[in-house]
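We did not get these values from a lab; they are worked out from the coordinates using the rules stated. Fair warning: this is a prediction, and the values are worked out from it, not measured in the lab. Virtual Cβ from ideal backbone geometry, glycine too; neighbours counted across all protein chains shown.
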Amino acid sequence: MSGSAKTTVLAEEGGNQGRKRTLHNNEQCGKRAKTDEMSASEKKSNFSLLTPNSNGAAKSSLTSLSSKHGATAKKLVIKNFKSKPKLPDNYQETTWSKLREAVVAIQTSTAIAYSLEELYQAVENMCSHKMASQLYVNLTNLVEAHVKANIEQFLSESMDRQVFLKRMDDCWRAHCRQMIMIRSIFLYLDRTYVLQNPSIHSIWDMGLDLFRHHIAMNTLVQTRAVDGLLLLIERERGGDAVDISLLKSLLRMLSDLQIYQDAFEHKFLQATERLYAAEGQRLMRELAVPAYLAHVEKRLREENERLLHYLDPSTKWQLIHTIERMLLSEHLTGILSKGLEALMDGPRLADLTTLYSLFSRVKDGLTELCSHFNAYIKLYHYACNDKTLTAEEKATWICPECTCAAKKGGRNSETPRSLKDETLENSIGSLCLFCARAAPPAAVLASLSLERHQNRLPKKKGRTIVIEPERDKTMVAELLEFKEQLDHIVAVCFMRNDRFLYSMREAFEHFINQRQNKPAELIAKFVDVKLRAGNKEATEEELERLLDKIMVLFRFIHGKDVFEAFYKKDLAKRLLVGKSASVDAEKSMLSKLKQECGGGFTCKLEGMFKDMELSKDINITYKQHLAGTQDNSGIELSVYILTMGFWPTYGAAEARLPAALTRQQDHFTKFYLGKHSGRKLTWQPTLGHCVLRAHFAQGNKELQVSLFQALVLLLFNDGDNLSFEEIKVASNIEEGELRRTLQSLACGKARVLTKAPRGREVANTDHFCFNADFTNKLFRIKINQIQMKETSEEQKATEERVFQDRQYQIDAAIVRVMKMRKALSHNLLISELYNQLKFPVKPADLKKRIESLIDRDYMERDKDNPNQYNYVA
């Protein structure tokens, strides 16, 4: 039968070839068993006839054909079997018996009696003869019976959890291996019947479903397995060594069985929440904030490693969120209240960076951090500035060891233990704020005095810097240092977050204006100190950077006109006395002010510089004029012509000048008015300075002195010994100014006069004598005038001038608004004024100015509506 089939194939191939071409004899003679006789001259033959066999198979026979080259072959005919082959009657039972025997051998880990190829062929044959459905049912029942038999080993009540998990893992691994082997045998079934019937599971899924239904979903088995897994994870979180591969295998089993979320994840997250909630509460009491933050970072890192090693990735978001909520979100205020100040005071940059990184992970974390950061800047002081202590504060205690360590700087970075929940009564025998050492009963109430309490709480700067008058001398320097520290923290630790930058500016502006006008005055004086010629502390580059930092503080102050008033007064002294460190630095500061506040703010200051330059030109012209007139009095006169509107107002001071100086003044006045008719010159002797040539026993010297000092010294040309009253009458200098002048000449470092009796103070009965024995290694000696400290009256006068200027600005703003709007209600007018005015002003002051303008007929109240104003043209 099989031979017949082969012959048919050969005949078919030969027939196909014979239809198109003839074949040579030498190619065909070896392939034919029977042929007709052929003539000796005939070289070629071909297939000529195919006759059907009795059983339906085609049998080839060759017949002699025409010897003509190119004769055509006859058509090949193939017929079907007359009857189909039949399987044995018991074929299904026999084949399934062999397959069942093989499956049982796989499940029992014994040798299979048949080859896998034979078993695969058997499955294919059964599927080809429409036995696939029954085969699938039989296989399912067989696997289900085996799975049911395996559940008994997990129902023992006395089994250890570790043993239970190990047995569960072994059972799962064995089941997976078995199903892989079984599927390889029934692969044809899986790829034909299962694919054609979407409603049934694949063989692998059927195995998972049976294992899930009969073992994993069993209440007792599932409870024991999940509890065992949670116990292992809890131990691993506690630092114990556990079998990670066992955890990984069993959790992957739950994922493969699709019960991970329902059976395990929910309980796991609840256990995680309970664990970290308790841990967070405990560690917040026990640890300082830096240690707590480091612990939170460690926990997050560990949980990410667990996700990497054995937890399902789908758990990541909920797990990390739970940890962040329990360890961070629940303690945001506590962490910041307990430790932010200590971190900022350090500043502990690494811990602040960690704090920012962790708080950025939770909802409202950065908002809360920014709020406390803002409050730290604004309030930056402890309540210990008050003179009373609460009962809670009196009930705190620090042991002597920690007190000594704090004084040495060893406790600066630690935060005292919180005693919020303790009262005076239950604090007896409480613990040390730092080291938790038990306090003796009497120490709690008796040993903590107000002074000691203030010593243990570090005194802050921020708002206190501005408010406390005794810190005026260092206010600006401390503010610059504080601002630089905050800038560094925001840049390095807070990633230059715009929210923190804005919050810092807002907080600075808030607390720096707590004391009205004073910060502006002190900033102006600080600039004056830095721009004086005697300031050798900084190079030009450092001075420029310092001015930039000062401008940052200048932006925060509201009373910029107060700054302008004091700055103008100090600038005038620097320019007139020649004490300016650098003209470039002065102009750089002026440029910064102009850029910040506009040209209107600096126009007077620019006018002062312009006056100084014009005065130089006038002096050159005057010297040329003197050279032309050949007036040689031996005195060189230099005059500064100051425009009254640009410079500060100086009070009139009288002094009796020598005749030679008076002639020089008159001569210059005539010269100047001849060139500028219609102007008026007023001489200011208080601002003048001179260089005198003096003859001493050890040689000649040049004395650089003020005009008043020069007037006093010139009197000793006529006599070596003069009394205070004689000097006063001869010079006509105001008494207080004369005392300071004589002090500088007779009591200072360069004593060109001697005083009798000796002493630091000048009395009306004192006598003064020219000191001919005066010595100094320098040829030109500068004798500084004793500067009268700026009195409160002078400060008030300056502030009064500022206040008066503000009145004019308010009046101008009101008229400007009313002229444009013609009619306006009171509230709208006030609102417009607040938008236009650049200095702080109270509504009551605005109301007074409005009433003043009404009295002067610039505006009037509406007759029908008294709350509305009308402009009077």
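Taking label points 7 Å from Cα along the Cα-to-Cβ direction, H488 and D720 give a separation of 6.3 nm. Remark on the range 688-782: ratio of C-alpha radius of gyration to 2.2 N^0.38 Å is 0.99. Sorting 683-693, 109-119 by average packing, meaning the other beta carbons within 10 Å per residue, from highest down gives 683-693, 109-119. Remark on the range 233-306: ratio of C-alpha radius of gyration to 2.2 N^0.38 Å is 1.30.
Please state the equivalent ellipsoid semi-axes for the range 721-873: what are the square roots of 5 times the Cα gyration tensor eigenvalues, largest first, in whole Å? Mind showing how you got there, number by number?
Details: eigenvalues 756, 50, 27 Å².
Taking √(5λ) for each Cα gyration eigenvalue gives 61, 16, 12 Å.
Rounded to the nearest 0.05, what FRET efficiency do D170 and A111 give with R0 = 22 Å and r taken as the Cβ-Cβ distance? Could you check?
Details: r = 21 Å, r/R0 = 0.96.
Step by step, r from the Cβ atoms, then E = 0.55.
Taking every pair of distinct Cα atoms and averaging 1/r, then inverting, what Kirkwood hydrodynamic radius in Å comes out for the range 475-542?
Values: mean 1/r = 0.0719 Å⁻¹.
About 13.9 Å, per the Kirkwood formula over Cα pairs.
The residues F373, F779, when put in order of fewest to most other Cβ atoms within 10 Å, stand as F779, F373. Each of F803, F671 was scored by other Cβ atoms within 10 Å of its Cβ. Arranged with the fewest first, they read F803, F671.
Over the range 91-217, what per residue volume does the convex hull of the Cα atoms give, in whole Å³?
Working: hull volume 12.5 nm³, N = 127.
Here the figure is 98 Å³ per residue.
Extension gain for the segment Q261 to K573, taken as residue separation times 0.36 nm less the Cα-Cα distance, is 104.2 nm to one decimal.
Against the 2.2 N^0.38 Å scaling, with N counting residues, where does the range 803-871 land? I'd like the Cα-based Rg ratio to two decimal places.
On the way: Rg = 11.1 Å, N = 69, 2.2 N^0.38 = 11.0 Å.
Normalised by 2.2 N^0.38 Å, the Cα Rg of the range 803-871 equals 1.01.
Here the calculated FRET efficiency for A812 and E286, from their Cβ-Cβ distance with R0 = 45 Å, stands at 0.10, rounded to the nearest 0.05. With a cut-off of 14 Å on the backbone N, the residues of the range 800-828 near the modelled label site 7 Å out from E860 along Cα-Cβ are 823.
Remark: spin-label model distance A653-K148 equals 11.9 nm, labels positioned 7 Å along the Cα→Cβ axis.
A viscosity of 1.306 mPa s and a temperature of 10 °C, combined with the Kirkwood radius over Cα pairs in Stokes-Einstein, give a translational diffusion coefficient for the range 607-675 of 117 µm²/s.
Please compute the net charge surrounding G598, taking Lys and Arg as +1 and Asp and Glu as -1 over other residues with Cβ under 14 Å from its Cβ. Neighbourhood net charge equals +2. For an R0 of 56 angstrom, estimate the FRET efficiency from the Cβ-Cβ distance between H309 and L837 and round to the nearest 0.05. In this case the efficiency is close to 0.25.
Label-to-label distance, T192 versus V529, with points set 7 angstrom from Cα along the beta-carbon direction: 10.1 nm.
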